[in-house]
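Q: Once you've had a glance at the structure underneath, I'll fire off some questions.
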Amino acid sequence: GNSVTQMEGPVTLSEEAFLTINCTYTATGYPSLFWYVQYPGEGLQLLLKATKADDKGSNKGFEATYRKETTSFHLEKGSVQVSDSAVYFCALSEPGGSYIPTFGRGTSLIVHP
Amino acid sequence: DSGVTQTPKHLITATGQRVTLRCSPRSGDLSVYWYQQSLDQGLQFLIHYYNGEERAKGNILERFSAQQFPDLHSELNLSSLELGDSALYFCASSVLSQGYNEQFFGPGTRLTVL
């Protein structure tokens with residue numbers, strides 16, 4: 001079956017530091033890949049997505065590249081802010097069947113001033 | 001604001017009781033998904049409805065049931081509640097049941113079972 005593995009958190013950084021959150025996946029076909037963000041007390045929001053190999057998704061300074069050869073979709077940001085503190089979820093959705101997304105367990109990011 | 005609404009925001013009840021959580025999807029979205037989020041289990045998919053029909057079941061207990069009504073809103077019914085059912089319950093909607101699946105999440109209902 002499909003699965004998503006994320007690095008365990010929390011990830012603790014100082015403001016303006018470089019961020020990488022690792023995500024690797026297992027899928028039987030050609031999935032679309034997503035990063036969702038959950039701010040405290042809120043639901044998940046789509047942060048960025050990529051639908052085919054070598055695509056780069058980007059939004060709000062965050063980027064992730066769909067790497068089929070390494071089955072990875074690592075999230076990066078060059079300079080984090082305190083307001084980026086949240087939980088980040090990597091997910092995949094595979095065409096066909098019920099299209100139920102598979103989510104990773106989430107990685108908590110804490111950014112200190 | 002995702003356009004997905006959930007009520008109530010908080011719910012406190014006792015073991016053995018029954019509760020109903022409500023979700024209204026974004027205008028035009030035909031799919032509704034229910035998830036349970038807890039600290040130990042992470043985000044667990046419960047059930048998916050598309051245009052009133054059940055499409056897929058995940059880790060949903062037999063004590064739980066759901067339905068989607070003709071106006072597309074959905075309700076999740078939890079019965080014979082146990083302490084372990086305390087969690088955040090999210091619904092999400094999407095416009096398609098085919099193709100890649102971008103979901104829009106509601107703010108969640110926090111259920112506390114005492």
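The values are calculated or read from the model by the stated rules, or taken from the named source; none is laboratory data. Treat the numbers as computed from the prediction; the structure is a model and nothing was measured. Because the Cβ atoms are built from the backbone with ideal geometry, glycine has one as well, and the counts that use them run over all protein chains shown.
Q: With A:GLY41, A:GLY29, A:GLY61 as the choices, which residue is in contact with a strand residue (DSSP E or B) (Cβ under 8 Å, 6 or more places away or on another chain) and of a type in the set (Gly, Ala, Ser)? Show your work before the answer.
A: Details: A:GLY41 fails: in contact with a strand residue (DSSP E or B) (Cβ under 8 Å, 6 or more places away or on another chain); A:GLY29 fails: in contact with a strand residue (DSSP E or B) (Cβ under 8 Å, 6 or more places away or on another chain).
Of A:GLY41, A:GLY29, A:GLY61, the one residue that is in contact with a strand residue (DSSP E or B) (Cβ under 8 Å, 6 or more places away or on another chain) and of a type in the set (Gly, Ala, Ser) is A:GLY61.
Q: Please work out if A:LEU13 is more than 14 Å from chain B (Cβ to nearest Cβ), surrounded by 15 or more Cβ atoms within 10 Å (Cβ to Cβ) and assigned to a strand (DSSP E or B). Can you show your working first?
A: On the way: more than 14 Å from chain B (Cβ to nearest Cβ): yes; surrounded by 15 or more Cβ atoms within 10 Å (Cβ to Cβ): yes; assigned to a strand (DSSP E or B): yes.
Yes, satisfied.
Q: For the list (1) within 14 Å of another protein chain (Cβ to nearest Cβ); (2) over 17 Å from A:ILE100 (Cα atoms), I need the number of the one condition that B:PHE105 fails.
A: Failed condition: (2).
Q: Assess whether A:TYR36 counts as being touching a residue at least 40 places away in the same chain (Cβ under 8 Å) and under 12 Å from the mean Cα position of the chain (by Cα). Don't jump to the end; show me each part of the working.
A: Details: touching a residue at least 40 places away in the same chain (Cβ under 8 Å): yes; under 12 Å from the mean Cα position of the chain (by Cα): yes.
Considered against the rule, which asks whether it is touching a residue at least 40 places away in the same chain (Cβ under 8 Å) and under 12 Å from the mean Cα position of the chain (by Cα), A:TYR36 comes out as yes.
Every residue, every condition in (1) polar (S, T, N, Q); (2) at the interface with another protein chain (Cβ under 10 Å from one of its Cβ atoms); (3) touching a strand residue (DSSP E or B) at 6+ places or on another chain (Cβ under 6 Å), yes or no:
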site: B:THR5; (1), (2), (3): yes, no, yes
site: B:HIS10; (1), (2), (3): no, no, yes
site: B:GLN17; (1), (2), (3): yes, no, no
site: B:THR20; (1), (2), (3): yes, no, yes
site: B:CYS23; (1), (2), (3): no, no, yes
site: B:GLY28; (1), (2), (3): no, no, no
site: B:GLN37; (1), (2), (3): yes, yes, yes
site: B:LEU43; (1), (2), (3): no, yes, yes
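Q: Quick check on my filter: what residues within the stretch B:20-50 are modelled with pLDDT of 90 or more and touching a helix residue (DSSP H, G or I) at 6+ places or on another chain (Cβ under 9 Å)?
A: B:GLN36
Q: So A:THR51 passes all but one of these: (1) within 9 Å of chain B (Cβ to nearest Cβ); (2) closer than 25 Å to B:GLN36 by Cβ; (3) among the hydroxyl-bearing types (Ser, Thr, Tyr). Which condition number does it fail?
A: (2)
Q: Give the number of residues within the stretch A:71-102 that are more than 23 Å from B:GLN41 (Cα to Cα) and either at pLDDT below 95 or aromatic (Phe, Trp, Tyr) (or both).
A: Result for the stretch A:71-102: 3.
Q: Being at pLDDT 95 or above and either among the basic types (Lys, Arg) or closer than 17 Å to A:SER93 by Cβ (or both), is that true of even one residue in the stretch B:59-69?
A: Yes, some residue in the stretch B:59-69 is at pLDDT 95 or above and either among the basic types (Lys, Arg) or closer than 17 Å to A:SER93 by Cβ (or both).
Q: Related question: Does B:PHE90 fit the bill of being modelled with pLDDT under 95, touching a Pro at 6+ places or on another chain (Cβ under 9 Å) and not in a loop (DSSP other than H, G, I, E, B)? Steps first, answer last, please.
A: Details: modelled with pLDDT under 95: no; touching a Pro at 6+ places or on another chain (Cβ under 9 Å): yes; not in a loop (DSSP other than H, G, I, E, B): yes.
So B:PHE90 fails the test.
Q: Same structure again: Among the residues of the stretch A:72-107, which ones are within 14 Å of the chain's Cα centre (by Cα) and surrounded by fewer than 17 Cβ atoms within 10 Å (Cβ to Cβ)?
A: Of everything in the stretch A:72-107, those that are within 14 Å of the chain's Cα centre (by Cα) and surrounded by fewer than 17 Cβ atoms within 10 Å (Cβ to Cβ) turn out to be A:GLU76, A:ARG105.
Q: Identify, from the list B:ALA56, B:ALA87, B:ALA92, B:ALA66, the residue that is among the aliphatic types (A, V, I, L, M), within 8 Å of chain A (Cβ to nearest Cβ) and within 12 Å of the chain's Cα centre (by Cα).
A: Numbers: B:ALA56 fails: within 12 Å of the chain's Cα centre (by Cα); B:ALA87 fails: within 8 Å of chain A (Cβ to nearest Cβ); B:ALA66 fails: within 8 Å of chain A (Cβ to nearest Cβ).
Checking each option against the conditions leaves just B:ALA92.
Q: Quick one: how many residues across the stretch A:53-102 are more than 28 Å from B:ALA56 (Cα to Cα) and in a strand (DSSP E or B)?
A: Within the stretch A:53-102, the first condition is being more than 28 Å from B:ALA56 (Cα to Cα), and the residues that meet it are A:54-65, A:67, A:69-70, A:74-86.
Filter once more, so that each one left must be in a strand (DSSP E or B): A:56-59, A:62-65, A:67, A:75-77, A:86.
Summing the residues that are more than 28 Å from B:ALA56 (Cα to Cα) and in a strand (DSSP E or B) in the stretch A:53-102 gives 13.
Q: Picking from B:GLU53, B:GLU75, which residue would you name as being modelled with pLDDT of 95 or more and over 21 Å from A:VAL4 (Cβ atoms)? Don't jump to the end; show me each part of the working.
A: Numbers: B:GLU53 fails: modelled with pLDDT of 95 or more.
B:GLU75 is the lone residue from the list that is modelled with pLDDT of 95 or more and over 21 Å from A:VAL4 (Cβ atoms).
Q: Scan (1) within 12 Å of the chain's Cα centre (by Cα); (2) farther than 28 Å from A:GLU8 by Cα for the single condition B:GLY28 breaks and write down its number.
A: For B:GLY28, the failing item is (1).
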